[in-house]
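Here it is, the structure in full.
The values are calculated or read from the model by the stated rules, or taken from the named source; none is laboratory data. Just so it is clear, the structure is predicted and the values come from calculations on it, not from any experiment. FYI the Cβ positions are ideal-geometry reconstructions off the backbone, even for glycines, and counts take in every protein chain you see. Accessible surface is based on the protein model in full, side chains and every heavy atom, while ligands, DNA and RNA are left aside. Shrake-Rupley method; radii C 1.70, N 1.55, O 1.52, S 1.80 Å.
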Amino acid sequence: MFDVTKAKMAELVTYYNANSGKPAIKKFADRKTAERRVAALVPAADKSKKPSKAKGTMKSKVIVDGIEYRSVKQAFEKLKLPLGRHIGFRMKLKAAGKLDFEHDDKKTTFKTVS
């Protein structure tokens, strides 16, 4: 694995010349430019080791009227419930384990799957 942040400038130039497909260069203007350009060439497998930002929360399966859904959002979409209210409801459901959602005089019972 090629670590851009630990490589010497000469190694960055060599890597860039070998992998860029552009005419060879003798040096970079500065370290920041060198790291940015070489990092763009490093294969995606090496980039996956960088810590990533967590996106949202883990999905929790739910059962609604005997049907299992992979998330509260999916259940709201399939049941045509107001999607703008699913996040607040999901938080309450996770705390309670089982909860009713009322909309248009219809009560729907949600239960979390362990």
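Can you give the accessible area of THR14, probe radius 1.4 Å, in Å² rounded to 10?
Roughly 90 Å² of THR14 is accessible to a 1.4 Å probe.
Only residues of region 90-111 count here: report those whose backbone N is under 18 Å from the spot 7 Å along Cα→Cβ of LYS73, or say none.
Of the residues in region 90-111, 90-94 have backbone N under 18 Å from the label point off LYS73.
What does region 64-114 give for Rg and for Dmax, in Å, if only its C-alpha atoms count?
For region 64-114, the Cα-based Rg and Dmax read 9.9, 29 Å.
Could I ask something else about it? If we restrict to alpha carbons, what Rg and Dmax does the chain come to, in Å?
Computed over the Cα atoms of the chain, radius of gyration and Dmax are 25.3, 73 Å.
In a Gaussian network model over the chain where Cα atoms closer than 10 Å are linked, find which of SER71, SER20, SER60 has the largest mean-square fluctuation.
The residue that fluctuates most here is SER20.
Compute the distance in nm between two label points, each set 7 Å from the Cα along the Cα-to-Cβ direction, one at LYS107 and one at ALA18.
6.9
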